[in-house]
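Notes to accompany the following structure.
The values are calculated or read from the model by the stated rules, or taken from the named source; none is laboratory data. Being a predicted model, the structure only gives us computed values, none of them experimental. Because the Cβ atoms are built from the backbone with ideal geometry, glycine has one as well, and the counts that use them run over all protein chains shown.
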Amino acid sequence: MSKAVRIHQTGGPEQMVMDDVPVGEPGPGEIRIRHAAIGLNYIDVYYRTGLYPQDLPGGLGMEGAGVVEAVGEGVTHLRPGDRAAYAGQPPGAYCEQRVMPARCVCRLPDAIDFETGAAMMLKGLTAQYLLRRTLPQGGLQPGDFVLFHAIAGGVGLIAAQWARLLGLQLIGTAGSDEKCELARSMGAAHTINYKREDFAARVREITGGQGVKVVYDSVGKDTWERSLECLRPFGLMACFGNSSGPVPPMAPALLGAKGSLYLTRQTIFTHIATRESTQAMADELFEVVGSGQVKIRIDQRFALAEVQQAHRELEARRTTGSTILLP
C-alpha cells in the first residue's frame with residue numbers, strides 16, 4: 001500500500017485527500033518507483049478543478065524523482081535500484097510509490113539530486129521544447145527578442161537562463177518588482193511588472209517598435225489580447241497553459257489583421273510521446289543543468305500531507321521558482 005493524494009470530486013484544494021492505495025507489480029512497459037521528491041505544477045490545478053477531465057477517484061501530479069524498485073517486461077533502459085526522474089501521464093505523482101509507464105522515465109545523472117530532479121523535469125522539458133522546438137518562422141537567432149509571461153515561475157526561471165545561454169533577448173513579465181528582480185538575476189534581459197505597466201507598450205519600447213518574434217504564454221485569458229500586440233509581422237503566439245483561464249474563441253481573421261501571425265497551442269505530452277524523443281530532450285536538459293549553466297531554484301518545500309496549502313500558495317501566485325512535495 002502507498003499513501004497517495006487523490007480527489008473523489010473536482011473543486012478546490014480541500015478536495016485533495018490522503019488515501020491508502022494498492023501499488024502492485026509493474027506490467028509490460030511499466031516500472032514501480034518510490035518517490036524521494038515530487039514536483040508541483042499548475043497543470044495539477046487544472047486536473048483538480050476538472051478543467052482537464054479524468055476518471056474519479058483520480059490522482060494528481062505529473063513529475064517526480066526517486067528509486068526504481070521493479071521493472072516490467074520489455075523495459076530495457078531502467079533497472080531496479082536506478083535513480084530516476086520523470087514528467088508524464090497519467091496523473092498520480094502525489095504519492096509515496098506508484099506503478100507507471102516506463103516510457104517517460106529517465107535515469108537521473110548522479111550529479112543531480114532527487115529534489116532537483118523532481119523540480120526540473122516537467123518545467124525543464126517544457127522550457128526545452130519551447131525554446132528549442134516551438135519556433136517562429138525562420139527560427140530564433142542570437143539577439144532576437146522573445147516575450148515570456150510568468151517569468152518568475154518554475155518554467156520561466158529555467159527559460160530565462162536557457163534563453164541567455166542561446167543569446168536571446170528575453171523579456172519577462174511578472175506581478176511584482178521582487179519577481180522581476182529575481183528574473184533579471186536569473187538571466188532575463190528585460191522585465192515588466194504587468195501590475196503597473198502596460199506590457200504591450202513596454203515591449204514595443206524595448207524592441208524599438210518592431211515587436212518580438214515569439215510570445216510564450218502560459219497565462220491565457222488575461223494576457224492573450226495584449227500579447228498579440230507584442231508580435232512583429234509573421235510572429236508566433238505560442239500558448240502552453242491558461243493559469244488565468246482559457247482563451248475565449250477567436251476569429252482566425254484577427255491573426256491576419258495583427259500581421260499575418262502564427263498561433264500554436266503546445267503541450268509537453270506531444271513532445272514526450274516516444275521514448276526516443278523524451279530521452280533526447282532530457283539529455284539536453286541534464287547537460288545544461290549538470291554543467292551549472294541552468295540552475296533549478298526550489299523556493300518552496302511542503303510535506304505531501306500539506307498539499308492543500310501548497311496548492312493555495314500556487315494559485316495565489318505567492319510562489320517563485322519550483323515547488324516540491326516531500327513524501
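Some values worked out for this structure:
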quantity	calculated
All strands (runs of 3 or more DSSP E) inside the range 65-152 with 2 or more residues being within 23 Å of residue 271 (Cβ to Cβ) and not assigned by TED's automatic domain parsing to the domain that holds residue 33	145-148
Qualifying position, being at pLDDT 95 or above and surrounded by 22 or more Cβ atoms within 10 Å (Cβ to Cβ), among 188, 152, 201	188
Condition met for residue 250 (farther than 24 Å from residue 94 by Cβ, over 16 Å from the mean Cα position of the chain (by Cα) and assigned to a strand (DSSP E or B))	no
Selected residue [without any contact (Cβ under 8 Å) to a residue 60 or more places away in the chain, in contact with a Phe, Trp or Tyr (Cβ under 7 Å, 6 or more places away or on another chain) and polar (S, T, N, Q)] from 15, 89, 9, 54	54
Residue in the range 22-39 that is in the same structural domain as residue 106 (by TED's automatic domain parsing), under 22 Å from residue 246 (Cβ atoms) and of a type in the set (Gly, Ala, Ser) present	no
Conditions (1) farther than 19 Å from residue 107 by Cβ; (2) β-branched (Val, Ile, Thr); (3) assigned to a loop (DSSP other than H, G, I, E, B); number of the one not met by residue 270	(3)
Cβ pairs under 6 Å, 6+ apart, first in the range 100-118 and among the hydroxyl-bearing types (Ser, Thr, Tyr), second not in a helix (DSSP H, G or I)	116/296
Pair list, Cβ < 6 Å and 6+ apart or interchain, from the range 231-247 residues that are in a loop (DSSP other than H, G, I, E, B) to residues that are β-branched (Val, Ile, Thr)	243/219; 244/219
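For every residue, the table says whether it meets (1) surrounded by fewer than 15 Cβ atoms within 10 Å (Cβ to Cβ); (2) basic (Lys, Arg); (3) within 15 Å of the chain's Cα centre (by Cα).
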residue: 244; (1), (2), (3): no, no, no
residue: 281; (1), (2), (3): no, no, yes
residue: 288; (1), (2), (3): no, no, no
residue: 302; (1), (2), (3): no, no, no
residue: 305; (1), (2), (3): yes, no, no
residue: 316; (1), (2), (3): yes, no, no
